[in-house]
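Take a look at the structure below.
The values are calculated or read from the model by the stated rules, or taken from the named source; none is laboratory data. It should be emphasised that the depicted structure is a prediction, and the values quoted were computed from it without experimental measurement. Reconstructed Cβ throughout: ideal geometry from the backbone, glycine too, with neighbour counts over all protein chains shown.
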Amino acid sequence: MQTSLDINIGELDSDKKVKIIKFDGDFDKAGYIEVRDKLNSAVKSFSGVSLIFDFSNLKFINSEGIGYLMEVHTHLVRADKRLVIIGANDHVKDVFSTIGIKEIIPLYSDIDSFLKKS
């Protein structure tokens, strides 16, 4: 059976201040259940400054995924860290714009755009 969501976790810099988690698939209830343990572990163990969710290959996100984003954002802000999203497609950006996520979590078109601003 093919999974509906897959994640790949890596460090962006040698100082480990930036971690990147690449999403591939659909971030819905079924997808989240498939990656929950790995994703939660990566978020909880993150000790850097910026945690990047790369949505370049994310096809869809629903309210379950958005709720999780807000949980991660809150967790990181309390620890003086931040969540950043890069590469969201037009559908995902429209959803974020409609519900106001763009006002809360920084969105960048790609990793280079993020690095230039940070």
Quiz item: Within the range 14-59, can you find the residues that are loosely packed, with under 13 Cβ neighbours inside 10 Å and outside any helix (DSSP H, G or I)?
Solution: SER14, ASP15, LYS16, SER47
Quiz item: Is there any pair linking a residue in the range 77-102 that is farther than 18 Å from ASP24 by Cβ to one that is part of a helix (DSSP H, G or I) and of a type in the set (A, V, I, L, M), with Cβ under 6 Å and at least six apart or on different chains, and which?
Solution: ARG82/LEU76; LEU83/VAL72; LEU83/LEU76
Exercise. Name every residue in the range 44-77 that is aromatic (Phe, Trp, Tyr) and either at positive phi or modelled with pLDDT of 95 or more (or both), in order of residue number.
Key: PHE53, PHE55
Quiz item: Of the residues that sit in the range 85-118 and are of a type in the set (Ser, Thr, Tyr) and part of a helix (DSSP H, G or I), which one is surrounded by the fewest Cβ atoms within 10 Å (Cβ to Cβ)?
Solution: THR98
Quiz item: Hey, ASP80 hits all of (1) buried (at least 16 other Cβ atoms within 10 Å of the Cβ); (2) farther than 17 Å from ASN8 by Cα; (3) modelled with pLDDT of 95 or more; (4) not small (Gly, Ala, Ser) but one; which does it fall short on?
Solution: (1)
